[in-house]
Amino acid sequence: MQTDFVQAGDVKLQCFTHGEGSEVVLLVHGYRSSGRIWRLMQEALDTTRFRSIALSNRGAGDSARTASEAAYTVESFAQDLYAAVQTLGLRDFTLVGHSMGGATVTQFALDHPECFKALVLLNPAPLNGRTLPENWEQPIREEFARGWASEDMGRHGPHVPAAFLQALQADVARNPLERAIGGRRSMAALRLRQRLAELHMPVLVIGGDKDTTVGVHNILAEYLALPEAQRFLHIFHDIGHSPNVEAATRLARVLTRFVSQTVPQCRGAVASTP
């Protein structure tokens, strides 16, 4: 695993790169996380076939921080992502987003569909938003005072290395409060589900049936809102919000099959349509 930084507009983003294959997979993390969350899945991918790049969004991990809450939104993360893609010179890649990262890559896909070939939404944040309870900021501020913890990752599994979890939690603990509040407000305001019909690249929606963070009903709603000819679904049994940690090897197999078989078949079908 190589750790480096990429200039994305006015911010530098940390990135974790693994493999030297011709198939490029760009990975975007969620709300309480960093690019490090993808490490176990990256290591499970065939390095001769795949080059995977996991970015830490602004405010996450060792990426640059911004003082304003308004900088930590799905829209700003998508803009940073586009700037990073331009700097890295990426084209014809597969874009994968987890949790809030699922909303980020959806926004990116709507804005820049020409840049990449396929999309994967992994337990995406509800794309129709959520109503925030009254005084919702106060619990976040109180939790920050105690130490912000990472989101549900199936951390009790014996296969999850303790050193990995400690490093990821250290990343999360460095998140600025502005990112926590701005990100929560942004997710609540999402209205992207009604626009999913605009996406015409192959889209794979992946969920865990034990996900209580976003809920299986939301995961299925995103799938059903996509164009029927280009949508695909995989649900992991007895897995929660983070299959990239809980079932990293299995997720790598699902992603490999999608990129190697499903996407070429979809593109071939489109090319052969009179």
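The values are calculated or read from the model by the stated rules, or taken from the named source; none is laboratory data. As the structure is a prediction and not an experimental result, all values here were calculated from the model. Because the Cβ atoms are built from the backbone with ideal geometry, glycine has one as well, and the counts that use them run over all protein chains shown. The area values use the complete protein model at the heavy-atom level, side chains included, leaving out ligands, DNA and RNA. Shrake-Rupley method; radii C 1.70, N 1.55, O 1.52, S 1.80 Å.
Just a few scattered comments:
- Probe 1.4 Å, accessible area per residue of the chain, Å²: 42 Å²
- Sequence-distant residues sharing a close amide H with residue 112 (under 5 Å, placed H): none
- Evaluating 6.51 cos²θ - 1.76 cosθ + 1.60 at θ = phi - 60° for every residue in the range 7-22, the Karplus couplings come out as 7, 10, x, 8, 10, 9, 10, 6, 9, 10, 10, 9, x, 9, x, 7 Hz, glycine and proline recorded as x.
- For peptides 245-257, 119-131, sequence by mean Cβ density within 10 Å, most packed first: 119-131, 245-257
- Acute angle (nearest 10 degrees) that the helix 263-272 long axis makes with the longest principal axis of the chain, alpha-carbon atoms: 50 degrees
- 222 nm mean residue ellipticity, helices alone, for the chain (DSSP H n ≥ 4; -39,500 (n - 2.57); rounded to 500): -11000 deg cm²/dmol
- FRET efficiency estimate (nearest 0.05) - Cβ-Cβ, residue 134 to residue 221, R0 30 angstrom: 0.70
- Of all accessible heavy-atom area on the range 153-274, the percent that carbon and sulfur account for (1.4 Å): 57 percent
- With contacts taken as Cα pairs under 8 Å at a separation of at least 6 residues, the range 79-144 carries a relative contact order of 33 percent.
- Pairs of Cα atoms nearer than 8 Å and 6+ residues apart set the relative contact order; for the range 1-137 it is 25 percent.
- Degrees, to the nearest 10: 100-111 long Cα axis against longest axis of the chain: 50 degrees
- Note on residue 195 and residue 262: the model spin-label points, each 7 Å out from Cα along the C-beta direction, lie 2.3 nm apart.
- Tail beyond 22 Å, pair distance distribution of the chain (Cα, percent): 53 percent
- Peptides 201-209, 50-58 ranked from most to least packed give 50-58, 201-209, packing being the mean of other C-beta atoms within 10 angstrom over each peptide's residues.
- Sequence-distant residues sharing a close amide H with residue 12 (under 5 Å, placed H): 64
- Computed packing ranks the peptides 74-81, 133-140, 23-30 as 23-30, 74-81, 133-140, most packed first, by mean other Cβ atoms within 10 Å.
- Note on the range 1-68 and the range 192-248: Cα centroid distance 21 Å, given to the nearest whole angstrom.
- Using R0 = 45 Å, the C-beta based FRET efficiency linking residue 143 and residue 249 works out to 0.90.
- Residues considered: 36, 146, 191. Largest GNM mean-square fluctuation over the chain, using C-alpha springs under 10 Å, is found at 146.
- Mean separation of Cα pairs under 8 Å and 6 or more residues apart, divided by the residue count, gives the chain a relative contact order of 21 percent.
- Under 5 Å, built H, 5+ apart or other chain: amide partners of residue 120: 95, 96, 97, 204
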